[in-house]
Amino acid sequence: MDDLAHGTRDKRGDWTPKNPADIAPIWAFPPKPLTVLKWLPSYFLPYDVIFFASAFAWWYWVMPDMDTVRAFDLASWGTWRWIIRLFVVNTVALFAFFGVFQLRLYTFRKQGTRFKYNGQFPADKQSDVFWFKRQDVDSALRILFHAMPIWTAIEVVILLAYAKGYATWWTLADHPVYLVILTLLIPIIHETHFYLIHRLIHVPVLYKYIHSVHHNSVNPSPYSSLSMHPAELLLYLGMAFWQILIPSNPILAIYALHRAGFGAIPGHVGFDKIEVGSEGGVDTHAYIHYLHHKHFEVNYGDGLIPFDKWFGTFHDGSKHGQELMDARYAKKVAKLNKSAAE
């Protein structure tokens with residue numbers, strides 16, 4: 001597939017799509033009904049359908065029954081057995097899902113640098129900021145030792161909340177309209193939560209000690225998705241807790257968790273398209289978040305809700321977008337210099 005028919009490549013080998021990034025068309029004014037209709041399938045496809053299906057699979061085939069959860073006792077081997085089982089299944093599934101992207105695009109490099117935003121591969125450059133000086137190794141170890149224990153612990157809290165009656169458990173039979181609407185709103189809840197915690201951890205002191213771990217991956221790759229400081233992981237994956245604070249259903253809580261965990265991959269895959277056959281390709285929707293990793297103080301959200309446009313931090317990847325960002329940086333530096341002079 002000819003990526004230069006869809007974008008341009010600079011002297012460094014970095015590829016840029018022809019069409020600038022944009023927010024969801026539902027916010028366009030005047031309204032564009034046909035554009036919205038064409039966009040609507042992407043609200044759930046291809047990723048959310050997978051995460052929603054995985055939530056059902058976990059609930060029916062992986063999670064312990066509620067009687068087992070109610071008997072929760074950390075002094076009991078029976079309790080540890082199902083917790084360990086959850087951890088193992090979560091870990092195997094996560095590495096299998098991320099691994100599909102990692103192996104194809106970064107290990108075997110089946111696409112080369114076609115549609116790759118950054119023309120370099122992280123494995124070709126070592127750095128002291130990473131464990132063993134390798135981004136892929138550092139990221140994989142952080143997933144194993146940080147992300148998966150926290151992910152599993154959140155699952156345990158969710159199960160306990162529903163099993164012991166701390167969370168309001170509504171069923172589809174009793175509240176069908178509410179639960180369908182809530183299901184449709186989960187991507188919006190996710191985007192709102194993500195934007196808020198993302199702005200929070202860019203506060204200088206929190207960035208220095210917490211979020212900088214994730215931003216070490218300036219050239220992100222699939223394993224970068226959950227390569228984070230434990231505190232950031234708790235904030236990020238903890239968006240699933242909204243489902244136990246409002247009337248909901250445990251399957252939706254798992255869906256919210258899977259959307260955060262498995263769903264971190266799109267923004268870090270590093271390619272604009274994944275080639276399918278000789279002429280086909282699946283859009284990754286990775287560009288907005290790639291620009292955040294590249295420029296740090298832009299695109300705190302993913303574009304489903306125009307928070308960044310509202311607060312002046314949106315970068316669409318175009319020359320005009322770069323000029324707006326540079327002007328904002330210059331204004332910030334001037335303000336800091338003035339404060340220092342006083």
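Each value in this text was obtained by applying a stated rule to the coordinates, not by laboratory testing. Please read these numbers as outputs of a predicted model, since none were measured by experiment. FYI the Cβ positions are ideal-geometry reconstructions off the backbone, even for glycines, and counts take in every protein chain you see.
Overview of values
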quantity	calculated
Charge context of residue 141, other residues only, Cβ under 15 angstrom, K/R +1, D/E -1	+1
Expected 222 nm ellipticity per residue - DSSP helices of 4 or more, -39500 (n - 2.57), all of the chain, to 500	-15000 deg cm²/dmol
Separation between Cα centres of the stretch 158-178 and the stretch 187-242, rounded to whole Å	28
Rounded to 10°, Cα long-axis angle of helix 250-261 versus longest principal axis of the chain	30
Phi to ³J(HN,Hα) by Karplus 6.51 cos²θ - 1.76 cosθ + 1.60 over the stretch 179-186, Hz, x for Gly, Pro	5, 5, 4, 4, 4, 5, 8, 4
Residue-span extension gain [residue 100 to residue 297] - 0.36 nm each, minus C-alpha spacing	67.9 nm
Cβ charges +1 (Lys, Arg) and -1 (Asp, Glu), total dipole of the stretch 36-127, debye	620
Listed peptides 155-161, 206-212 by packing density, highest first (mean Cβ within 10 Å)	155-161, 206-212
Note, ³J(HN,Hα) from phi for the stretch 129-145, Karplus 6.51, -1.76, 1.60, rounded to Hz, x at Gly and Pro	6, 9, 4, 6, 6, 10, 4, 5, 5, 4, 5, 5, 5, 5, 5, 5, 9
Per-peptide average of other Cβ atoms within 10 Å, ordering 241-254, 266-279 highest first	241-254, 266-279
Degrees, to the nearest 10: 77-101 long Cα axis against longest axis of the chain	30
For the stretch 183-263, alpha-carbon Rg relative to the globular expectation (2.2 N^0.38 Å, N residues)	1.14
For residue 281, distant residues with modelled amide H under 5 Å away	276
C-alpha center-to-center spacing [the stretch 42-70, the stretch 288-330] in angstrom	34
Residues with amide H under 5 Å from that of residue 316, placed H, sequence gap 5 or more	321
D (Stokes-Einstein, µm²/s), Kirkwood Cα radius, the stretch 17-88, 0.692 mPa s at 37 °C	202
The chain - Kirkwood radius from inverse mean 1/r over Cα pairs (Å)	21.6
Most positive-pole-ward Cα, 105, 146, 249, against dipole of the stretch 3-307 from beta carbon charges	105
Tilt relative to the chain, helix 47-61 - C-alpha long axis, 0 to 90 degrees, to 10	20
Net length gained if the chain between residue 340 and residue 166 were fully extended (0.36 nm per residue, minus Cα distance)	57.5 nm
Gyration tensor (alpha-carbon) shape descriptor, the stretch 73-164, a/c threshold 1.5	prolate
Likely footprinting exposure, 61, 27, fewest C-beta neighbours within 10 Å first	61, 27
